[in-house]
Amino acid sequence: MNLHKERKAIDAALDDYRAKLETIPEELFTETPPGGGWSYAEVYSHILKATLGSSIALERCAHNNCEATTKGPNLMGRYLMLIGSFPVKLKVPEATSAKMPAEKISKEEAKNLLVKCRKRVDDTAPILKNSLPTSRIKHPRLGMLNAGQWFKFIRVHLYHHLKQLKRIEKKFQSK
């Protein structure tokens, strides 16, 4: 895995989220789109909180403050690491949704979360190179991930939800 490439892609995705946020009308940000599904606000809430949570797991792995194990990603986790994307549209696991529900946050809250995410990426990226591949934390859907895999997951997850924002935009345009 090329950590420099992953970092550039994460930065680009966060830039895309920031730019997209500026184009979303205030009155549509928290509105449920026609046909249902998450609002823009809920997507931003989910993806940014998940990025922060993933960066904490990444940091714990990088500092070897977690279980050392030979267990790795499960089948879906190996697929995601190999292909670099989710194989299908998925619902958030219930345990994750209960712990970190998607909320209708304001655009200002989304901007602040974006800043926090960028800071976490800035702080955690440099410590990746020293992490042990056997220091792993369980992802709710992908199995046991090490620091580098958590970093890649952040990138894949960010891009996955950028596609969701495009689907929401299409729903509002066809309204």
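The values are calculated or read from the model by the stated rules, or taken from the named source; none is laboratory data. These numbers come from a predicted model, not from an experiment. Glycine gets a Cβ as well: all are built from the backbone with ideal geometry, and neighbour counts include every protein chain shown.
Annotations for the structure displayed:
- Residue check, ILE47 among the aliphatic types (A, V, I, L, M) and either under 25 Å from ILE127 (Cα atoms) or touching a strand residue (DSSP E or B) at 6+ places or on another chain (Cβ under 7 Å) (or both): yes
- Scanning region 1-23 for residues that are of a type in the set (A, V, I, L, M) and either touching a residue at least 12 places away in the same chain (Cβ under 8 Å) or part of a loop (DSSP other than H, G, I, E, B) (or both) turns up MET1, LEU3, ALA9, ILE10, ALA13, LEU14, LEU21.
- Filter pass, ALA57 being aliphatic (A, V, I, L, M), in contact with a Ser or Thr (Cβ under 7 Å, 6 or more places away or on another chain) and either touching a residue at least 12 places away in the same chain (Cβ under 8 Å) or farther than 21 Å from GLU108 by Cβ (or both): no
- From the list GLU6, GLU42, GLU67, GLU26, the lone residue that is in contact with a strand residue (DSSP E or B) (Cβ under 9 Å, 6 or more places away or on another chain) and acidic (Asp, Glu) is GLU67.
- Output for region 120-167, where each listed residue is among the β-branched types (Val, Ile, Thr) and under 18 Å from the mean Cα position of the chain (by Cα): VAL121, THR124, ILE137, ILE154, VAL156
- Put simply, of GLY84, GLY148, GLY143 the only residue that is over 23 Å from ALA12 (Cβ atoms) and modelled with pLDDT of 90 or more is GLY143.
- Index of the failed condition, ALA98 passing every other in (1) out of contact with any Lys or Arg (no Cβ under 9 Å at 6 or more places or on another chain); (2) at pLDDT below 90; (3) under 19 Å from ARG120 (Cβ atoms): (3)
- Residues (more than 14 Å from MET100 (Cβ to Cβ) and out of contact with any Ser or Thr (no Cβ under 9 Å at 6 or more places or on another chain)) located in region 36-52: GLY36, GLY37
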